[in-house]
Amino acid sequence: MDNTSAQKLQDLHYFGEFGGVNPSISDSSTYTFLSAKTMFDTFEGNTEGCYLYSRHSSPSNLYLGEALAALEGTETANVYASGMGAISAVIMQLCNGGDHIVSSRTIYGGTYALLKNFLPKFSITTAFVDITDLENVEKNISENTKMIYCEAVSNPLLEIADIRALSQLAKKYNIPLVVDNTFSPLSISAAQLGADIVIHSLTKFINGASDCVAGAVCASTDFCLSLKDVNDGAGMLFGSTLDSLRAASILKNMRTLHIRIKKHSENTLYLARKFQEDGLKVAYPGLASHSGHQIMAGQMNPEYGFGGLMTIDVGTLDQANALMELMQKENLGYLAVSLGFYKTLFSAPGTSTSSEIPLEEQEEMGLTDGLIRFSIGLDNTIETTYQKMKKCMGQLGILGPKTAQMA
Ligand SMILES: *Cc1c(COP(=O)(O)O)cnc(C)c1O
C-alpha cells in the first residue's frame with residue numbers, strides 16, 4: 001500500500017508543451033473553443049478534456065489533482081485555495097439545511113468553528129463526539145446525519161481515529177466517512193482504509209515549504225465532479241479555487257514528500273522517546289504509552305513512521321510561553337502555528353490554533369494550558385537538537401533542578 005502511493009507519485013509524468021520535464025503552467029483564466037457547440041457541451045458538463053474557465057478547472061490544477069489522487073489512491077482529486085476551502089466545499093456539498101454531522105470533537109480549530117459557529121446559520125448542526133468511542137459515535141447518528149467527520153491523527157491532541165471501524169459504521173448507515181488526513185500523508189492511506197472522502201490542507205506537510213495555503217479533496221470522480229458542477233457545485237460556486245502558479249509549485253514540492261515524511265517521523269520519534277525517558281508528559285502516537293498507538297500501528301504504512309507532530313505538557317501556559325520563546329532564541333525553531341516545515345514549529349494550541357474551542361471544552365478533551373504542539377523539523381543531527389532543547393528546559397526548571405542544567 002505504502003509503496004504504491006509513493007511509487008505512483010514517482011511514476012507520474014507529464015511534459016511541458018516544449019518537452020519540458022515539468023508541465024507547463026497554465027497562465028490563463030479562460031480558454032478558447034473552436035466551436036460554439038463545444039462550449040455549450042462543456043457548460044453541460046459533457047466534454048472531457050475541455051477547459052472552460054479557471055475557477056472550474058485548469059491544466060495545472062488537474063496535474064496537482066492527479067498527484068493527490070495517486071497519494072490517496074482515489075479515483076480523482078480536486079484542489080482548492082486552502083484546506084478550509086476544501087473542507088467547507090465538501091460540507092456544503094453534502095449537507096442541506098436541517099442536516100446533521102457527527103464530528104470528532106478534537107479537530108482543527110477552524111473546522112470546529114465552521115461546524116459549531118457558522119453552519120448553524122444554515123440549520124446544519126453537529127454532534128461533537130469522542131471519535132475513539134465508537135459506541136458513542138453510533139449513538140449520535142440520526143436520520144438526518146449526512147456524514148461522519150474526523151481527522152486521521154487529530155489536531156492538536158494526536159488522537160487516532162480507527163478508520164476501518166468508522167468506515168464500517170458509516171457504511172451501516174449509508175453515509176460517507178470524511179477524513180482530514182493533513183497530519184498523516186503517506187503514513188495513513190485513509191481512502192484505502194475505507195474513508196469515502198479524504199481532505200488535505202496542502203499548506204502543511206504536502207507542500208512542506210510554508211510559502212502558501214492550499215487544500216485538496218480526494219474522492220470518487222462522481223463526487224469531485226459534483227463539487228465542480230457549474231449549477232450546484234460548492235467548489236465552483238463558493239469559488240475557493242487554487243491559482244495555477246501555486247498548483248505548479250506545490251506539485252514540485254510534493255515530489256520529495258516521501259523523504260521528508262520519513263525524516264520528520266524519525267526525528268519526532270527520537271525526541272518523543274528521549275523526553276519521555278526524561279519524565280516529561282509527551283504525547284506521540286509512536287510511543288506505546290499513547291492511547292492510539294495500537295490503532296495507528298495497525299493502520300499505518302510503517303516505512304513512513306508515526307508522523308512529525310508531538311505534544312509536551314510543561315504544566316502551565318507561562319512555562320509553555322517561556323520555553324517557546326527561549327527555544328526560538330536558541331534557534332531551535334520558530335514560535336509559529338502551522339506544521340510540516342523544515343524547521344521545527346511550536347505553539348501553545350489552547351491560546352492559538354484551538355482558541356476557537358471554549359475553555360471548558362478544551363479542558364474536557366484534555367487540551368491543557370501547558371500543552372505545546374511541536375511540528376518537528378528536518379534537523380540533520382537530532383541528538384544535538386535534543387541536547388539543546390533539554391538545556392532550555394533545564395534553564396526554566398521544566399526538566400530537573402534549575403541550577404544543574406545552567407550552562
Ligand atoms: C491547517 C489545517 C486545516 C486548514 O487548512 P488551511 O490550509 O489553513 O485552510 C485543516 N485541517 C487541519 C488538520 C489542519 O492542520
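The values are calculated or read from the model by the stated rules, or taken from the named source; none is laboratory data. Note that the structure is predicted; figures quoted are calculated from it, not measured. Cβ atoms come from the backbone with ideal geometry, glycine included; neighbour counts cover every protein chain shown.
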Worksheet item: Could we say that Leu245 is touching a strand residue (DSSP E or B) at 6+ places or on another chain (Cβ under 8 Å), more than 14 Å from Gly85 (Cα to Cα) and surrounded by fewer than 21 Cβ atoms within 10 Å (Cβ to Cβ) here?
Response: no
Fill in: Residue in segment 56-68 that is within 16 Å of the ligand (Cβ to nearest atom), modelled with pLDDT of 95 or more, part of a helix (DSSP H, G or I) and over 21 Å from Pro176 (Cβ atoms) present
yes
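Applying the selection to segment 75-103, what residues are of a type in the set (Ser, Thr, Tyr) and surrounded by fewer than 24 Cβ atoms within 10 Å (Cβ to Cβ)?
If the condition is that a residue be of a type in the set (Ser, Thr, Tyr) and surrounded by fewer than 24 Cβ atoms within 10 Å (Cβ to Cβ), then Thr76, Ser82, Ser88 are the ones that fit.
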Worksheet, complete the sentence: Taking first residues from segment 194-210 that are among the hydroxyl-bearing types (Ser, Thr, Tyr) and second residues anywhere that are within 9 Å of the ligand (Cβ to nearest atom) and in a strand (DSSP E or B), the pairs with Cβ under 6 Å that are 6 or more apart or on different chains are Ser201/Gly215
Item to complete: Examine segment 175-183 for a residue that is surrounded by fewer than 20 Cβ atoms within 10 Å (Cβ to Cβ), out of contact with any His (no Cβ under 6 Å at 6 or more places or on another chain) and free of Cβ contacts under 8 Å to residues at least 40 places away in the same chain, and state whether such a residue exists.
Response: yes
Item to complete: Output the residues belonging to segment 143-198 that are at pLDDT below 95 and either more than 16 Å from Ile295 (Cα to Cα) or away from the ligand (no atom under 16 Å from the Cβ) (or both).
Response: Asn155, Pro156
Fill in: In segment 199-216, the residues that are at negative phi and more than 12 Å from the ligand (Cβ to nearest atom)
Ala209, Asp211
Worksheet, complete the sentence: The strands (runs of 3 or more DSSP E) lying wholly within segment 131-211 that contain at least 2 residues that are over 16 Å from the mean Cα position of the chain (by Cα) are 145-151
Worksheet item: Only one of Leu119, Leu94, Leu115, Leu71 is modelled with pLDDT of 95 or more and within 15 Å of the ligand (Cβ to nearest atom); which?
Response: Leu115
Practice prompt. Name the one entry in Gly215, Gly239, Gly208, Gly235 that is farther than 28 Å from Leu157 by Cβ and crowded, with 22+ Cβ neighbours inside 10 Å.
Written response: Gly235
Discussion item. For Ser103, only one of the following conditions fails: (1) assigned to a loop (DSSP other than H, G, I, E, B); (2) within 16 Å of the ligand (Cβ to nearest atom). What is its number?
Written reply: (1)
